[in-house]
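*Asks:* Okay, here's the structure, questions in a sec.
The values are calculated or read from the model by the stated rules, or taken from the named source; none is laboratory data. Here the structure is a predicted model, which is why all the values come from computation and not from measurement. Cβ atoms come from the backbone with ideal geometry, glycine included; neighbour counts cover every protein chain shown. Ligands, DNA and RNA are stripped out before the accessible areas are found, and what is left, the full protein with its side chains, is counted by its heavy atoms. Shrake-Rupley method; radii C 1.70, N 1.55, O 1.52, S 1.80 Å.
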Amino acid sequence: MVPRYARPEMSALWEPEAKFRIWFEIEAHATQKLGELGVVPESAAKALWDWWATNPKIDVEAIDAIEAVTKHDVIAFLTWVAEQVGDEARFMHQGMTSSDVLDTTLAVQLARASDILLTDLDALLAAIKRRAEEHKYTATIGRSHGIHAEPVTFGLKMAQAYAEFDRCRTRLIAAREEIATCAVSGAVGTFANIDPAVEEHVAQKLGLKPEPVSTQVIPRDRHAMYFATLAVIAGSIERLAVEVRHLQRTEVLEAEEYFSPGQKGSSAMPHKRNPILTENLTGQARMIRSYAMPALENVALWHERDISHSSVERYIGPDATIALDFSLARLTGVIDKLLVYPERMQANMDRMGGLVHSQRVLLALTQAGVSREDAYRLVQRNAMKVWESDGQLQLLDLLKGDEEVTAALTNEQLEDKFDLGYHFKHVDTVFARVFG
């Protein structure tokens, strides 16, 4: 985790003290249910909760010092708690194994991280929707292969982004549902030394569901799906970030990141206004996507368990969620403050001499009885003259002067095919599909 790219709420979720507090809750809830079942004295859970009610500070350094000797983190924690609580603490962890604590804790952390990320997505969706409605009919050029294609609106660009991130939200809800499972099933997951009712109780208290078959660890296909979902969201972030970066290029300059008073773009060139935020988002997306691969490799564990996944998850759990939280917040800020230049959009669209209307002329010629092959040839030969003049010539003028074209279409009919508004007649339909 890089502090530069971390926000407090998500970072706090992964702090050692936060982890140890979840460990305690798992152990205390399990001990309480064991007391109700008559396996341990009910006084054991009472002792644990009475100590906890004093809201003690978790002494991370003391636990780490014990672990330096035991070489086992869960045992170190249990030893430290026993030192604080006293004799009743010996009933903690009855019939449990370390994975019961570790895997259930990771499930809690990832579920809570998901809730933060869903809030982030809601903020991003609200910002995109606002800009989409603001620029619903702001005409701009659509590009395929980076080349002028046909007119669109900037609002449609934003609507596409909204629909994509709405899908991301749906996927994250599903990923949260899948990851939020609890395992308190003991060694190799057979419940030989602990009643399944304990697992159900702990799951209910922590807002999880019991893992149907935990084997000793929660199966890592769940985690693979979760981190793959984060990777897909990162891909969507980069898609929109790259769009902003392209639109900010000097030769295009149809939109750009907000440039605050006092901000500097370059240490050498005072004139620079660089798309640093969206470039950063591209880098963040690369890192978040990279965490999906080790999560996929974690699926294949030996038999009922091994710990080859453990070190991986100590990296990717915090890093992926913290980076995505930061990235979603940053992208929301970019979209919220994005500077949009409709005049430049119109100027860019006009600079190629009406080429963007070529398809309408092609279709009109075919409807007037010209074969498609001939219609394409007639439009293209005039379009190439405009292209090679760098927009100094106008396609409409050339078409009006082409006898083969005017043999099929009148000047009035040709002029009608250069109506910009024609391209936007279904914008309302698209917006209704996206926003309801």
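*Asks:* Checking the conditions here, which among 154, 165 is touching a Pro at 6+ places or on another chain (Cβ under 8 Å), modelled with pLDDT of 95 or more and aromatic (Phe, Trp, Tyr)? Walk me through how you get there before you give the answer.
*Replies:* On the way: 165 fails: touching a Pro at 6+ places or on another chain (Cβ under 8 Å).
Going through 154, 165 in turn, the sole match is 154.
*Asks:* Count, please, the residues in region 237-250 that happen to be within 18 Å of residue 162 (Cβ to Cβ) and crowded, with 19+ Cβ neighbours inside 10 Å.
*Replies:* We begin by selecting, within region 237-250, every residue within 18 Å of residue 162 (Cβ to Cβ); these are 237-244, 247.
Then drop every residue that is not crowded, with 19+ Cβ neighbours inside 10 Å, which leaves 237-238, 240-241, 244, 247.
Matching residues across region 237-250 total 6.
*Asks:* Which condition breaks for residue 400 when tested against (1) over 13 Å from residue 357 (Cα atoms); (2) without any contact (Cβ under 8 Å) to a residue 12 or more places away in the chain?
*Replies:* Exception for residue 400: condition (2).
*Asks:* Tell me which of these residue 170 doesn't satisfy, since it passes every other one: (1) farther than 21 Å from residue 108 by Cβ; (2) open to solvent by 50 Å² or more (accessible area, probe 1.4 Å); (3) part of a helix (DSSP H, G or I); (4) touching a residue at least 40 places away in the same chain (Cβ under 8 Å).
*Replies:* The one condition residue 170 does not meet is (4).
*Asks:* Suppose we keep only residues that are in a loop (DSSP other than H, G, I, E, B) and among the hydroxyl-bearing types (Ser, Thr, Tyr) within region 379-421. Which one would you say is farthest from residue 368 (Cα to Cα)?
*Replies:* 389
*Asks:* Can you tell me which condition residue 299 does not meet? The list is (1) open to solvent by 50 Å² or more (accessible area, probe 1.4 Å); (2) β-branched (Val, Ile, Thr); (3) farther than 29 Å from residue 315 by Cβ, and all the others hold.
*Replies:* (3)
*Asks:* Output the residues belonging to region 332-360 that are of a type in the set (S, T, N, Q), open to solvent by 20 Å² or more (accessible area, probe 1.4 Å) and in contact with a strand residue (DSSP E or B) (Cβ under 7 Å, 6 or more places away or on another chain).
*Replies:* Here is the first cut: in region 332-360, the residues of a type in the set (S, T, N, Q) are 332, 346, 348, 358-359.
Still in the list and also open to solvent by 20 Å² or more (accessible area, probe 1.4 Å): 332, 346, 358-359.
Result: 346, 359.
*Asks:* How many residues does region 376-405 contain that are open to solvent by less than 30 Å² (accessible area, probe 1.4 Å) and over 22 Å from residue 144 (Cα atoms)?
*Replies:* Qualifying residue count for the region: 4.
*Asks:* Out of the residues in region 53-68 meeting the condition of being within 38 Å of the chain's Cα centre (by Cα) and open to solvent by less than 40 Å² (accessible area, probe 1.4 Å), tell me which one is farthest from residue 21 (Cα to Cα).
*Replies:* Checked region 53-68; the qualifying residue farthest from residue 21 (Cα to Cα) is 62.
*Asks:* Look through region 69-120, keep the residues that are outside any helix (DSSP H, G or I) and more than 36 Å from the chain's Cα centre (by Cα), and return whichever of them is farthest from residue 204 (Cα to Cα).
*Replies:* To start, the set of residues in region 69-120 that are outside any helix (DSSP H, G or I) comprises 71-72, 86, 92-97.
Subset that is more than 36 Å from the chain's Cα centre (by Cα): 71, 86, 92-95.
Details: 71: 31, 86: 28, 92: 19, 93: 18, 94: 19, 95: 19 Å.
Among those that are outside any helix (DSSP H, G or I) and more than 36 Å from the chain's Cα centre (by Cα), it is 71.
*Asks:* From the list 279, 304, pick out the single residue that is on the phi < 0 side of the Ramachandran plot, open to solvent by 50 Å² or more (accessible area, probe 1.4 Å) and in a helix (DSSP H, G or I). Outline the logic, then answer.
*Replies:* On the way: 304 fails: in a helix (DSSP H, G or I).
Sole residue among the options that is on the phi < 0 side of the Ramachandran plot, open to solvent by 50 Å² or more (accessible area, probe 1.4 Å) and in a helix (DSSP H, G or I): 279.
*Asks:* A follow-up question, please. Filter region 205-232 down to residues that are outside any helix (DSSP H, G or I) and surrounded by 17 or more Cβ atoms within 10 Å (Cβ to Cβ), then give me how many there are. Lay out the reasoning, then the answer.
*Replies:* Step one: of region 205-232, the residues outside any helix (DSSP H, G or I) are 207-220.
Restricting the remaining residues to those that are surrounded by 17 or more Cβ atoms within 10 Å (Cβ to Cβ) gives 208, 210-211, 214-220.
The number of residues fulfilling the criteria is 10.
Per-residue answers, yes or no, for (1) touching a residue at least 24 places away in the same chain (Cβ under 8 Å); (2) of a type outside the set (Val, Ile, Thr):
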| site | (1), (2) |
| --- | --- |
| 82 | no, yes |
| 96 | yes, yes |
| 103 | yes, yes |
| 116 | yes, no |
| 121 | yes, yes |
| 128 | yes, no |
| 132 | yes, yes |
